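The values are calculated or read from the model by the stated rules, or taken from the named source; none is laboratory data. The shown structure was predicted, so the numbers you read here are calculated from the model rather than taken from an experiment. Quick reminder, even Gly has a Cβ in these numbers, built from the backbone with ideal geometry, and neighbours come from all protein chains shown. Accessible surface areas use protein heavy atoms only, side chains included; no ligands, DNA or RNA. Shrake-Rupley method; radii C 1.70, N 1.55, O 1.52, S 1.80 Å.
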There are 2 protein chains.
Amino acid sequence: MMKRKGILVVVSGFSGAGKGTLMKQLVRTYDTYALSVSMTTRPPRPGETDGREYFFVSREAFEQKIRENGLIEYARYCGNYYGTPREYVERQLLAGKDVILEIEIQGAQKVKEMFPSALLLFVTPPGIKELRRRLSGRGTETEDVIKERLCRAQAEAEGIEAYDYLVINDDLDTCVEQMHGLIQNAHCAPGRNQELIEVLRTQLKEMCAHADGTAQGQS
Amino acid sequence: MMKRKGILVVVSGFSGAGKGTLMKQLVRTYDTYALSVSMTTRPPRPGETDGREYFFVSREAFEQKIRENGLIEYARYCGNYYGTPREYVERQLLAGKDVILEIEIQGAQKVKEMFPSALLLFVTPPGIKELRRRLSGRGTETEDVIKERLCRAQAEAEGIEAYDYLVINDDLDTCVEQMHGLIQNAHCAPGRNQELIEVLRTQLKEMCAHADGTAQGQS
């Protein structure tokens, strides 16, 4: 059995598309996944725990991490840093886990440049009215924040074509299964089976040479 | 509900990989598929029926079809023509069917050039020993033909990287499900959801403009 290397999966999508819930259920349902936890300098919201939603660090600690090349990507958003610690991701990929990063659209592009074989998924609710409903329904945000997110979503929507797949989050269970299918199918790409392909080629070469002993001398 | 356009699926693979059986079961199990029947000038084998395995035509009729641009691709192999009639494929795609073509590796490349969004699948047995066993087990071929096919497989194996996915046909049912998943997932590519994406963008634009009436004049 050949060792399977993990796939780096980037999940983006409009704020309110339900990415967080989706990924939690995905990771809970299948043990092939590892969820990368981002690092940020923004303060924790009520109910958030260090190391679960984010690693909450000081600006100094974050900038030190940047200098050490310890982040796969990072960005500033609303005056705070957000980034993906490199070490956890690389360790999990080597262990054969499919590693999921939830990052925004600019970060996704940076990851794709550094890991061209990364799989990029964009999650959207079935319609924008539903998106607005979900943003309001959360109940933790002011009307101004909701408006800001809608306008941010407008900008993000311009980048959907850079993603491999568009995933519509209508029903949670259906969507989790679809994401699982998309990620597992990506393991079938020839580029992820180079070892198997080489074995096939070697075997065919031997068998073909054996089938006709004179073939080697005919070229 | 937006009208879904069909996907053109090309299935290639080593002779003896079980493509024919796979595709028959796929088409029988799911009614979203239409199986394209190739046209050939080679004579029918025992048990083959015109319009089922192939459309068996004369060389003159085939060459007439070429002149009319009535074939998506065609090739000569062992002195016979093989080709894919265009009309059936285009009609089924418009009707929303995912159309499956079983063609060899050169034909697959021609289809990809003409239909860049075509999905290319390469089917292989789990190992070459199994391939040889299946070729022998068929019982209808001489040792010479088996050798020829193995050497042909050697050449074909060089082209696997041009395919989108490598499908290992170990267990028939598993493999059918995997092919089905790969094809249906391809419907999630942004390029196949341009209409939905445009609707999202329009809605977001309206909602964002509505959310802040002054935003239009700020740029």
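Are any residues in the range B:111-125 buried (at least 18 other Cβ atoms within 10 Å of the Cβ) and of a type in the set (D, E, K, R), and if so, which ones?
Listed by number, the list holds a single entry, B:LYS112.
Quick check: is even one residue across the range A:183-201 surrounded by fewer than 21 Cβ atoms within 10 Å (Cβ to Cβ), at positive phi and more than 7 Å from chain B (Cβ to nearest Cβ)?
No, the range A:183-201 contains no residue that is surrounded by fewer than 21 Cβ atoms within 10 Å (Cβ to Cβ), at positive phi and more than 7 Å from chain B (Cβ to nearest Cβ).
Can B:TYR33 be described as free of Cβ contacts under 8 Å to residues at least 60 places away in the same chain, crowded, with 16+ Cβ neighbours inside 10 Å and within 30 Å of B:ASP171 (Cβ to Cβ)?
no
Conditions first: (1) open to solvent by 30 Å² or more (accessible area, probe 1.4 Å); (2) at the interface with chain A (Cβ under 7 Å from one of its Cβ atoms). B:ILE168 passes all but one, so which condition is the exception?
(2)
Could you look through the range A:49-74, keep only residues that are in contact with a Ser or Thr (Cβ under 9 Å, 6 or more places away or on another chain) and assigned to a loop (DSSP other than H, G, I, E, B), and pick out the one that is surrounded by the most Cβ atoms within 10 Å (Cβ to Cβ)?
Looking at the filtered set, the residue picked out is A:VAL57.
Quick one: how many residues across the range A:109-149 are within 22 Å of B:CYS208 (Cβ to Cβ), outside any helix (DSSP H, G or I) and in contact with a strand residue (DSSP E or B) (Cβ under 9 Å, 6 or more places away or on another chain)?
5
Take B:ALA108 and tell me if it is open to solvent by less than 10 Å² (accessible area, probe 1.4 Å), on the phi < 0 side of the Ramachandran plot and modelled with pLDDT of 90 or more.
Yes.
Take the conditions open to solvent by less than 70 Å² (accessible area, probe 1.4 Å) and part of a strand (DSSP E or B) and apply them to A:TYR82. Does it pass?
Against the criterion (open to solvent by less than 70 Å² (accessible area, probe 1.4 Å) and part of a strand (DSSP E or B)), A:TYR82 qualifies.
Restricting the range A:150-161 to residues that are open to solvent by 50 Å² or more (accessible area, probe 1.4 Å), more than 7 Å from chain B (Cβ to nearest Cβ) and not in a loop (DSSP other than H, G, I, E, B), which is nearest to B:LEU119 (Cα to Cα)?
Among residues in the range A:150-161 that are open to solvent by 50 Å² or more (accessible area, probe 1.4 Å), more than 7 Å from chain B (Cβ to nearest Cβ) and not in a loop (DSSP other than H, G, I, E, B), the one nearest to B:LEU119 (Cα to Cα) is A:ALA155.
Note down all Cβ pairs under 6 Å where the first residue falls in the range A:155-166 and is among the acidic types (Asp, Glu), the second is crowded, with 17+ Cβ neighbours inside 10 Å, and they're at least six residues apart or on different chains.
Qualifying pairs under 6 Å: A:GLU156/A:ILE105; A:GLU161/B:PRO190; A:ASP164/A:LEU119; A:ASP164/A:LEU120.
Looking at the range A:1-30, which of its residues are open to solvent by less than 50 Å² (accessible area, probe 1.4 Å) and of a type in the set (Phe, Trp, Tyr)?
Selection gives A:PHE14 alone.
Just one of B:ILE128, B:ILE100 is surrounded by 18 or more Cβ atoms within 10 Å (Cβ to Cβ) and modelled with pLDDT under 90; which is it?
Answer to the check: B:ILE128.
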